[in-house]
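Reading through the structure tokens given below for one structure.
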Amino acid sequence: MISRRNLIRGLLGAGVAKAGFDVWSATPPSPTIDAIDNPYDLRPVINAIMNTQNVLMDTIPDDQPIVIIMGERHDHPINSLLQEGVLKALLKQREQNDKIKFSFGLEWASNETVFLSTRDNYFFPASAALFAFCDAHDIPLAFSDAVRAYKKASGDNTFEIDEVLKKDDPLNAKLIHDNFPAWEGDSLISREGMAIRNMAMVENATRLIRETKSKIYVQHCGQNHAIGSIKNPYKESLRNLFEKQGCATITVMPEYELVDLFLPDGARRWQLDNFITVTNLSNDEESQSYFSFWRNVSYRSLRHKVNKESGFILNQP
């Protein structure tokens, strides 16, 4: 029987190739981590990331930062647990050698009061756990995404995010003027909006890297930000923009059925070094319940299972 994935490749492959896009390789090159034996065990992925980091550290200049770009599906919280596991490994590395400093960036609006007050955000439990982990372990943190417009919803300290770019923010305004001067929209997920957000993330991240003298920086992001997508060119992706700033990069991408099936020209996996693909990792979704209580129950249940299957690597030190 032909799988849905291969059927779509057959039906769309030729047309997409003509349009300048490339179908994801059926047999991607190493390193690819297949989690089919245990989709809740994060250790093989974390080991691959740390091994790739160690190879880079032996081959690049001491003053060149390494950016680990961790693409995710926001509604699959195992991705955030993977990021927590990587932070835990980097924390252990820092304890062994305090000269190897590291920092972390959350893909959330840099007007951070919005993030901290939107407890009903649909992926808040997983993101909040990363924030709390960084806070507990003195890990420098940037809320690196572009500033968004927001409005008062109810109560004295509660805000509701408008899903639009705040175009009069000084950094946003400069990036728009320099790159898309004729753009009249404000959508966060348009081609222009994604590009501006990626540029803002790199600007905010590199500032944190300089201020903290971080050798390693980990960027949490939706996977369309990492290397582009069918409507977002590779040249405007986080990976390309970080490399243009002189950073070495490691890209970590979970591969989900029919998500980013097509890559933009220039982002073919066999063209990119230090590209770690993760297949068959659990795609359990975070509860979409309106009530944050049930989202927290769903997240905590998954976290317990992942921690157990991963040899309790997420236990607090």
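The values are calculated or read from the model by the stated rules, or taken from the named source; none is laboratory data. Model, not experiment: these values are computed from the prediction. Heads up, the Cβs are rebuilt from the backbone with ideal geometry, glycines too, and the neighbour counts pull from every protein chain shown.
Select from the stretch 268-317 the residues that are among the acidic types (Asp, Glu) and in contact with a helix residue (DSSP H, G or I) (Cβ under 7 Å, 6 or more places away or on another chain) and write down the one among them that is modelled with the highest pLDDT. Break it down stepwise before answering.
Kept after step one, since they are among the acidic types (Asp, Glu), are these residues of the stretch 268-317: 273, 284-286, 309.
Cutting the leftovers down to in contact with a helix residue (DSSP H, G or I) (Cβ under 7 Å, 6 or more places away or on another chain) gives us 284, 286.
On the way: Asp284: 71, Glu286: 57.
Once the filter is applied, the top-ranked residue is Asp284.
Any residue in the stretch 210-238 that's farther than 23 Å from Gln64 by Cβ and acidic (Asp, Glu): show its pairings with residues that are modelled with pLDDT under 95 and surrounded by fewer than 24 Cβ atoms within 10 Å (Cβ to Cβ) at Cβ separation under 8 Å, as long as the two are six or more apart or on different chains.
As it stands, the answer is none, since no pair meets every condition given.
Just to verify a result, which residue in the stretch 184-224, among those that are assigned to a strand (DSSP E or B) and within 18 Å of Leu87 (Cβ to Cβ), is farthest from the chain's Cα centre (by Cα)?
It comes out as Ile216.
So in the stretch 225-253, with the set limited to residues that are in a helix (DSSP H, G or I) and charged (D, E, K, R), which one is surrounded by the fewest Cβ atoms within 10 Å (Cβ to Cβ)? Outline the logic, then answer.
Step one: of the stretch 225-253, the residues in a helix (DSSP H, G or I) are 225-227, 234-236, 238-244.
Within this subset, residues satisfying the condition of being charged (D, E, K, R) are 235-236, 239, 243-244.
Values: Lys235: 14, Glu236: 20, Arg239: 25, Glu243: 14, Lys244: 10.
Per the criteria, the residue is Lys244.
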